[in-house]
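Please treat every number below as a calculation from the coordinates, not as lab data. None of the values given here were measured: they were computed from a predicted structure. No Cβ is skipped: glycine too gets one built from the backbone with ideal geometry, and neighbour counts run over all protein chains shown.
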Amino acid sequence: MKRFLSAGEGYALFPTKINYRMSRYFPAWRAPLLFVLSFFMCLQALVAKGTDPAPDAGRTVLLQQGSIVVDSIKPLTIGDRIPETLWNLPLKVVNHPEGKDTITLQEYRGKLIILDFWATWCSSCISAFPKVYDLNQKYAADMVIIPVNSDRREATDAKFVEDFLIRRNVVYHLPSILDHEQVLFRLSGHRTIPHYLWLQNDKLIAITKSDVLFNSDFPDVINGGGVPALSNEPIEWDTNHPLFHKGNGGQGPDSYIFRSFISSALPGLKRVVGNNMDNNAQISRIYAVNVSVHELFNMAYPEIKGYLQSRIVFEDQSANESARSWSFEDRVSYDLFCPPKSHQEAMMFMQQDIEKGFGWKPIVCELETACLVLRMGDGPSVMVSPDRRRITNIYEEISGPKYYRNGPLHALIRRLNQVANIPVLDETDFDQLVSLDLPEDLTDLDLLAKMMDSQGFKATFEKRKIDMVVFTKP
């Protein structure tokens, strides 16, 4: 006999005759109790089956990106094999050239794979994209660099990230993985961006910064030559002890009575600044590793902090351009180890070292200088933005017009003062978000003034007496 049951019905597994005989041992009042007990026994079995640590249980949850597994992910180390689960993990992607919504690393297996971790707010990440695109084009047969957006807020907003990339498709076309659960980011073990994971022969072979990416011999790496030594994990060093002391960041003398040095950038060491101060406010150490020359001067002369490039001039006019570029772009390292001194005495040592090393001493003084002054205009009204999410390419070195959308005016003025050769002064008292079109070259202040005039502002060149930082010969 066979029939389909509806909700609330039971099905007798015994012939009627046997049921009748069994009724002597299982009176009718016990039937509901038997049913309830059977239900809970089945439920317990199902729960036990769902929670047993089956061999494939972890993989199943990882593929679903369950929160428990994601939170317990351990970072990979150099030489580790890439788990099969990761190769087949569906990864959401935007701006894919073939229109795909998801990809897997399996699609690129056999190539050198470089995962490029980025976010739209990371200007150094974005400025590297044109080079990333060129590398992808040049070595497409053997290598792929895949951007990975792991910012929790952005990676859940596919349209925002996709629109961000689409605007740049005329210059370079890059897809991006949206790692909203931060599975890939956690596997890398790094908390800063940009950084790059190099995968080859099913293993993690390196974790690097952009300097290694753009200075590698890719044909050699593709053929198994390995990533340059510079790509190794950052060398750990203890900031409570002198650099190079007993192998702290490398080899050096065993002890120092007094030591200071200025060097070029130190590959492999993380950027870090600080000092060692005892309970009596006595300083015995000042260190600054892999900072710009400008940052180093700011440490030694606190009075010049906050002065951007447009307010810095050199006493020797012929040195203005070259020295300005040198002070903002070159990276150096400085280390001072001395007997405990007061803050003033320690800073005096640092200032003497810097003046001897670079041949310049900064002073703040009032100068009459040419400025670009921005005021509210009488022409068309300023485009005010209701959207509070800023979108801009003013921090990128790419061809094409610049734009600034949904941002505060003061942030734009600050950026202009970071690149301009004369001060840009804001006298608008404008405190709303704006959207503006800007020239490709932000240092072209003549064109910038014309474009600002057509968008509700009035930009004029005027002489003003303002505080400036003047670098003089000691």
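Its relative contact order, with pairs defined as Cα atoms under 8 Å and 6+ residues apart, puts the range 70-231 at 31 percent.
Between residue 453 and residue 220, the modelled labels are 5.5 nm apart [label points 7 Å from Cα along Cα→Cβ].
Counted by neighbouring Cβ atoms within 10 Å, the residues 457, 160 run from fewest to most as 160, 457. When only the Cβ of Lys, Arg, Asp and Glu is charged (+1, +1, -1, -1), the dipole of the range 368-472 relative to its Cα centre reaches about 260 debye. Here 91, 409 are placed in order of increasing Cβ neighbour count within 10 Å, fewest first, which gives 91, 409. Less than 5 angstrom separates the built amide H of residue 341 from those of 283, 284, all sequence-distant by 5 or more or on a different chain. Applied to the range 167-175, the Karplus parametrisation 6.51 cos²θ - 1.76 cosθ + 1.60 on θ = phi - 60° returns per-residue 3J(HN,Hα) values of 4, 9, 4, 6, 9, 8, 10, 10, x Hz, with x for Gly and Pro.
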